1. Any idea which residue in segment 131-154 is farthest from GLU242 (Cα to Cα), counting only those that are crowded, with 16+ Cβ neighbours inside 10 Å and over 20 Å from the mean Cα position of the chain (by Cα)?
2. Across segment 228-244, what is the total count of residues that are in a helix (DSSP H, G or I), without any contact (Cβ under 8 Å) to a residue 40 or more places away in the chain and among the hydroxyl-bearing types (Ser, Thr, Tyr)?
3. Which members of segment 184-227 meet the condition of being exposed (fewer than 15 other Cβ atoms within 10 Å of the Cβ), aliphatic (A, V, I, L, M) and not in a helix (DSSP H, G or I)?
4. Please verify whether VAL298 is of a type outside the set (Asp, Glu), surrounded by fewer than 22 Cβ atoms within 10 Å (Cβ to Cβ) and not in a loop (DSSP other than H, G, I, E, B), treating the condition exactly as stated.
5. Using the structure shown, decide if VAL326 is modelled with pLDDT under 90 and either crowded, with 17+ Cβ neighbours inside 10 Å or out of contact with any helix residue (DSSP H, G or I) (no Cβ under 7 Å at 6 or more places or on another chain) (or both).
6. Quick one: PRO202 ticks every box in (1) touching a helix residue (DSSP H, G or I) at 6+ places or on another chain (Cβ under 7 Å); (2) of a type outside the set (D, E, K, R); (3) touching a residue at least 24 places away in the same chain (Cβ under 8 Å); (4) within 29 Å of LEU63 (Cα to Cα) bar one, so which box is it?
Amino acid sequence: MRRLLQLQSRPAWLVTLALAGLLFVVIPVLNLLVPETSALHIPNYLVQLLGKFLCFAILALALDLVWGYTGILSLGHAVFFALGGYAMGMYLMRTMAGEGVYRSNLPDFMVFLDWKELPWFWLGFDRFWFALLVILIVPALFAFVFGFFAFRSRIKGVYFSIITQALTYAAMLLFFRNNTGFGGNNGLTDFKRLLGFSLAEPATKTGLFVCSGLVLLLFYLLCRAITVSKLGRVLTAVRDAESRVMFLGYDPLRYKLFVWTLSAFMCAVAGALYVPQVGIINPSEMAPANSVEIAIWVALGGRGTLVGPLLGAFAVNGAKSIFTAVAPDLWLFVLSGIFIVVTLFLPRGLFGLLASLRRVRAPKSSDTGEVRA
């Protein structure tokens with residue numbers, strides 16, 4: 001308990017507890033218990049939207065761990081997010097066997113494509129525990145294998161970023177093909193229930209929202225524990241001077257591989273929480289532009305801060321929701337402008353700007369002293 005309290009300052013803990021109360025108590029109560037006619041009622045669509053933002057915040061946190069603290073800029077994190085999402089989508093499709101348009105035990109898209117039986121990699125997804133194991137293991141294992149060969153070959157910097165972007169583009173093209181067995185361009189959709197609970201029910205949506213907030217909180221505390229420990233100091237040293245770390249007797253490969261795999265694991269969990277809330281998963285989630293957008297969230301919030309990327313994810317996606325509703329043609333220009341402004345004028349992001357404002361407003365010791373003649 002004492003070590004847990006040492007992860008943050010007392011004011012930071014107060015803010016964390018206040019936000020936890022907002023996520024786990026206030027919003028669910030205002031959504032489920034307050035009548036819709038009341039001005040305090042939070043509508044279901046807003047709870048669903050905030051649930052998506054929480055999943056995106058987990059993505060930003062995962063990228064900040066590898067980019068902000070270890071110096072590994074990945075432009076392929078959307079792959080791990082989509083893999084977790086597809087695993088959850090496959091489970092949701094199997095639970096509604098016989099309830100589709102064609103009343104077949106096969107998913108509708110397989111019937112439409114004249115498939116006669118389930119592919120081998122779909123077997124077992126009618127059980128939640130199996131789908132959960134796939135979500136927790138397969139994306140992390142994929143990241144481990146990829147990271148092992150990439151880091152052992154000393155690939156880093158812009159070259160690593162380009163390779164990860166090529167990886168996500170190749171995965172997107174693969175999943176777009178109908179013969180891969182993942183729904184092709186349309187992906188997986190029309191889900192009905194999760195663990196017996198109807199996804200159309202407001203209580204289920206609110207429950208998924210609370211689960212997303214709880215997972216985000218746990219991942220945040222885990223990342224905080226890592227970054228303030230000796231492991232975190234080694235990761236920062238790898239980011240700043242990897243050659244010196246090697247001369248001191250540390251093996252950067254092990255540290256980079258650990259944080260890379262953990263980051264992919266977090267992305268997969270975020271994808272699994274995202275799919276039942278939005279009701280669809282398709283290859284467009286792997287688009288390279290999505291991975292670039294995650295990097296913009298982190299840069300805007302302030303990389304290497306953990307809290308900053310969370311702010312960036314909510315800020316960018318909130319602005320995206322507004323602009324795509326009011327002026328959708330302008331959104332990409334706004335997003336590009338945000339990236340340019342942050343790069344040129346806010347190298348430490350919004351979190352760094354807030355910290356600078358606090359220092360400016362804080363009274364200096366010399367200001368409180370008497371003026372001598």
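1. ALA150
2. 1
3. Selection gives LEU195, ALA200.
4. Criteria not met by VAL298.
5. Spelling it out, VAL326 is indeed modelled with pLDDT under 90 and either crowded, with 17+ Cβ neighbours inside 10 Å or out of contact with any helix residue (DSSP H, G or I) (no Cβ under 7 Å at 6 or more places or on another chain) (or both).
6. PRO202 satisfies all of (1) touching a helix residue (DSSP H, G or I) at 6+ places or on another chain (Cβ under 7 Å); (2) of a type outside the set (D, E, K, R); (3) touching a residue at least 24 places away in the same chain (Cβ under 8 Å); (4) within 29 Å of LEU63 (Cα to Cα) except (4).
Let's see how each residue does on (1) under 25 Å from ASN186 (Cβ atoms); (2) in contact with a strand residue (DSSP E or B) (Cβ under 8 Å, 6 or more places away or on another chain); (3) at pLDDT 90 or above; (4) part of a loop (DSSP other than H, G, I, E, B):
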position: LEU40; (1), (2), (3), (4): no, no, no, yes
position: LEU46; (1), (2), (3), (4): no, no, yes, no
position: LEU50; (1), (2), (3), (4): no, no, yes, no
position: VAL66; (1), (2), (3), (4): no, no, yes, no
position: TYR69; (1), (2), (3), (4): no, no, yes, yes
position: PHE81; (1), (2), (3), (4): yes, no, yes, no
position: MET90; (1), (2), (3), (4): yes, yes, yes, no
position: LEU118; (1), (2), (3), (4): yes, no, no, yes
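The values are calculated or read from the model by the stated rules, or taken from the named source; none is laboratory data. Remember, predicted model here, so these are calculated numbers, not experimental data. No Cβ is skipped: glycine too gets one built from the backbone with ideal geometry, and neighbour counts run over all protein chains shown.
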